[in-house]
Amino acid sequence: MFTGFAEKYPEYEVITPQTKQSFTIRSLNVLEEERLKGSLLTPTKVTEHLNKCIFECLVNKPEKVKDMKTFQQNVTLKDRDGLLYGLYHISYGDFRNYDIKCSSCRKDYSVTITASDTFNINPYEDGNILEKKIKIQLPVTKSVSVVIKQPTLFDESEALKRLGGSLGYTVEVIVETLIIDSFQEDVEVQTEPTVYSDRSDIIDAYRSLPAKDKRTIYERYVEEFGKYNVELKMKSYCTHCGNEEVVTIDLVENFFRMVYTS
Ligand SMILES: [Zn+2]
């Protein structure tokens, strides 16, 4: 009777780009791959599935990561990109048949590339990013400030659970606004500003902003938080028109599809 091979799965160490924690992650096995391929997922379920999949493949993790909840509380969305890269790299080694839409002729073509050739990391070196908050005064809506932060997997999962099924809130807007911790509005007759920190208030307030204010929020986010990440970039040449461009691979977006075609 088969009780498992003695040899261990291949492992890979990932240092997360934002919280700089060390994780060791092992290869997916065929059974897990089958499960991934067999799962039909709604958009709100994709990230939940992804997080579980990563968590189950962790071999060594930091002491404070004890279970799924503490894992999600201590890992940011950008850290997850690093872990997903590790999982994909140790499981497959290359991105096979990755589909690209040419920005010049708009036709599709696919490429295969060694995963490690695309890898770049810009780690956050400035203390604990999970405690960092930045207050920005909006350029157009001058009486309003927004406090931004780096969301964790837990923030994402809570928001999707609570608002994912709500009429009118798309997964995109829920995830997009996770970087907003609160809005603060100065009101003339009050000594203290009015604070909006409930997630659905935040989304409604965000949607009411002039476009230029939104742009300011995202520019500051990238500068203060978002640029500390892993980036998977490759140079590619269109097989139809020869156009050369640099393509960034989004693993969260493509992970399941890539497992499916591997
Ligand atoms: Zn082209």
Average Cα contact separation per residue, the stretch 70-114, under 8 Å, 6 or more apart, as relative contact order %: 29 percent
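Rounded to the nearest percent, how much of the accessible area of the stretch 181-226 (1.4 Å probe, protein heavy atoms only) is carbon and sulfur?
Working: 1320 of 2860 Å².
Carbon-and-sulfur percentage of accessible area, whole number: 46.
For the chain, which span is the longest to avoid every loop-located (per DSSP) member of chymotrypsin sites (Phe, Trp or Tyr not before Pro) having at most 15 other Cβ atoms inside 10 Å?
Between exposed loop sites, the widest span is 6-262.
Keeping all protein chains in place, calculate the accessible area per residue for the stretch 89-235 (probe 1.4 angstrom), answer in Å². Show your work: numbers first, answer last.
Working: 8020 Å² over 147 residues.
The answer is 55 Å² per residue.
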Estimated vicinal HN-Hα couplings, Hz - the stretch 14-26 in sequence order (Karplus 6.51, -1.76, 1.60; Gly, Pro = x): 10, 9, 5, x, 9, 9, 6, 9, 9, 10, 10, 10, 9
Sulfur and carbon atoms: percent of accessible area, the stretch 15-102 [1.4 Å]: 50 percent
Unmatched cysteines, the chain - criterion: no other Cβ of a Cys under 4.7 angstrom: C53, C57
Restraint check, K52/K107; K132/K214; K161/K227; K20/K101; K61/K212, Cα-Cα greater than 30 Å: K52/K107; K20/K101; K61/K212
Rounded tilt (10° steps) of 153-163 against the dominant C-alpha axis of the chain: 70 degrees
Calculated FRET value between E188 and R162, using beta carbons and R₀ = 35 Å, to 0.05: 0.60
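The values are calculated or read from the model by the stated rules, or taken from the named source; none is laboratory data. In this text, all values refer to a predicted model and were calculated from it rather than measured experimentally. For neighbour counting, all protein chains shown are included, and Cβ atoms are generated from backbone atoms with ideal geometry for every residue, glycine included. Quick note on the areas: whole protein, heavy atoms, side chains included, nothing else; ligands and nucleic acids left out. Shrake-Rupley method; radii C 1.70, N 1.55, O 1.52, S 1.80 Å.
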